[in-house]
Amino acid sequence: MSSEVQGRHRAAVLGSPIAHSLSPVLHRAAYAELGLTGWEYGRHEIDEAALPGFLAGLDGGWAGLSLTMPLKRAVIPLLDGISDTAASVEAVNTVVFTEDGRRMGDNTDIPGMLAALRERGVQQVERAAVLGAGATASSALAALSRICAAEVTAYVRSEARAAEMRGWGERLGVAVRTADWSQAAAAFEAPLVIATTPAGTTDALAAAVPEQPGTLFDVLYEPWPTTLATAWGARGGAVVGGLDLLVHQAVLQVEQMTGRSPAPLEAMRAAGEAALAGR
């Protein structure tokens, strides 16, 4: 186990809206389990316009930040460097403040997705489907570029979104075919389906779940389970949820910000489940 970060004991999640975020629950559970009694983890409503001023006002007691929308791209010009993983999708969800005062950005969503899939026994797939486009979909493509042997089909609502997904595929080195959302039920023929759409978007597709589905990764965690996840599980398919992703990416954030490894995955998951059950 590596040594704790010295002199820096504050962290927080930033975004807008942010009131719903489970990140404080997960990080505080980790601090409690690790015995980091002096550590604090807060939540701040910050949009793109307010971000530069917020960062400028931080003192040396800060260890790191978690970022949600709409800050994952807006923060990049304000940092001293970003990881290759973050650069691959032009999105930073983690900022770590180094001892020499630098602000370094990373993306733990992508390895978090891979860790959540590994936990369900998904190491490699022949092909996959992605429902939706946008920032989470590009992270899904980045994860699939490491585990998908052949083509990924993305189901989207417009040609503009389709072109965007094909562009991400070229950049990330994964073959992407696009199809119209009206054909989205065909996605379920793939051994791995990643749903990246907002709440309610896939509800109408639940009736199309096949008799023997593969693995569904639905990135939502509230409301949970989604209508699609319920139908999928009822058919005997494996389901990975948004809380799985949230916990695995938060584990990596805790390790980077505190210098303590491994972070307590199960304690963090239990805290997240309890918080959701109480809502």
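A few remarks follow.
- Taking the conditions (1) outside any strand (DSSP E or B); (2) touching a strand residue (DSSP E or B) at 6+ places or on another chain (Cβ under 7 Å) in turn, residue 153 satisfies each one other than (1).
- In segment 1-89, counting only helices (runs of 4 or more DSSP H) that sit wholly within it, the ones holding 3 or more residues that are small (Gly, Ala, Ser) and in contact with a helix residue (DSSP H, G or I) (Cβ under 9 Å, 6 or more places away or on another chain) span 23-34, 84-89.
- For segment 223-279, residues that are touching a Ser or Thr at 6+ places or on another chain (Cβ under 8 Å), free of Cβ contacts under 8 Å to residues at least 12 places away in the same chain and farther than 23 Å from residue 106 by Cβ total 0.
- Qualifying residue in segment 135-149 (condition: open to solvent by 50 Å² or more (accessible area, probe 1.4 Å) and at pLDDT 95 or above): yes
- Subset of segment 262-279 (residues that are part of a helix (DSSP H, G or I) and either of a type outside the set (D, E, K, R) or open to solvent by less than 70 Å² (accessible area, probe 1.4 Å) (or both)): 265, 267, 268, 269, 270, 271, 272, 274, 275, 276, 277
So that you can scan it fast, the table gives a plain yes or no per residue for (1) touching a Leu at 6+ places or on another chain (Cβ under 9 Å); (2) among the basic types (Lys, Arg); (3) under 30 Å from residue 99 (Cα atoms):
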position	(1), (2), (3)
205	yes, no, no
238	yes, no, no
246	yes, no, yes
249	no, no, yes
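- Check on residue 232, touching a Leu at 6+ places or on another chain (Cβ under 6 Å), surrounded by 14 or more Cβ atoms within 10 Å (Cβ to Cβ) and over 30 Å from residue 266 (Cβ atoms): no
The values are calculated or read from the model by the stated rules, or taken from the named source; none is laboratory data. If you're wondering where the values come from, they're calculated on a predicted model, not measured in any experiment. Every residue, glycine among them, receives a Cβ derived from its backbone with ideal geometry; neighbour counts consider all protein chains shown. Note: areas computed on protein heavy atoms with side chains; ligands, DNA, RNA excluded. Shrake-Rupley method; radii C 1.70, N 1.55, O 1.52, S 1.80 Å.
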